[in-house]
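Right, one structure below, let's go through it.
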Amino acid sequence: MNNVASTLEQELNVLFSSYMDIETAIELIALSTTDGFSVCARARDMRNYESDKIAAAASTLYSVSNAVAKQILTSEFETAFVETNRGNMAFVSLSNSKGDYVLAVSASGAINIAKLRLRIKNLAAELSAKLA
């Protein structure tokens with residue numbers, strides 16, 4: 001791993017940790033490329049997650065969601081929520097001149113979707129600046 005990638009990963013770990021400290025309901029934050037490679041993943045307990053599987057799932061959901069959005073709404077995919085009886089997960093499309101990414105955030109049911117959405121919006125803005 002080169003120094004630029006290592007530095008970026010360190011910065012992302014600090015950023016992800018700060019959001020998880022602010023909002024204890026957030027259990028996982030992962031950034032991956034749209035072609036399925038993990039950039040950085042942070043979880044309360046990484047033993048429960050495999051970053052390569054999260055990246056693959058995020059990439060697949062991105063591809064399907066983007067195809068559906070283009071076909072039905074003639075627009076690019078931005079955000080998808082997955083709701084379960086244990087909590088919620090959001091997938092957010094991030095793009096810039098350096099590449100296309102998917103941000104995945106998982107949270108317990110202790111946070112409502114509106115608050116989670118606001119946290120994700122703020123995180124996505126910070127990530128876009130760091131990835132530029």
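Taking the number of Cβ atoms within 10 Å of each Cβ as an exposure proxy, the fewest-first ranking of Arg42, Arg47, Arg86, Arg117 is Arg47, Arg86, Arg117, Arg42. The length gained on full extension between Asn96 and Ile72, counted as 0.36 nm times the residue separation minus their Cα-Cα distance, comes to 6.2 nm. For the chain, how big is the tail of P(r) above 17 Å, as a whole percent of Cα pairs? Distances greater than 17 Å cover 57 percent of the Cα pairs. When you filter the GluC sites (Glu not before Pro) in the range 35-113 for DSSP loop state and at most 14 other Cβ atoms inside 10 Å of their Cβ, you are left with Glu50, Glu76, Glu78. The stretch between Thr60 and Ser17 holds 12.9 nm of extra length on full extension. This uses 0.36 nm per residue minus the Cα-Cα distance. Above 20 Å, the calculated P(r) of the range 55-132 contains 35 percent of its Cα-Cα pairs. Label separation (Asn48 vs Asn122): 2.3 nm, computed from points 7 Å beyond Cα along the C-beta direction.
Bear in mind these aren't lab numbers, they're just calculated from the coordinates by the rules spelled out. A quick note: this is a predicted structure, and the numbers were derived from the prediction, not measured. Positions of Cβ are generated from backbone atoms using ideal geometry, with glycine treated the same way; all protein chains shown enter the neighbour counts.
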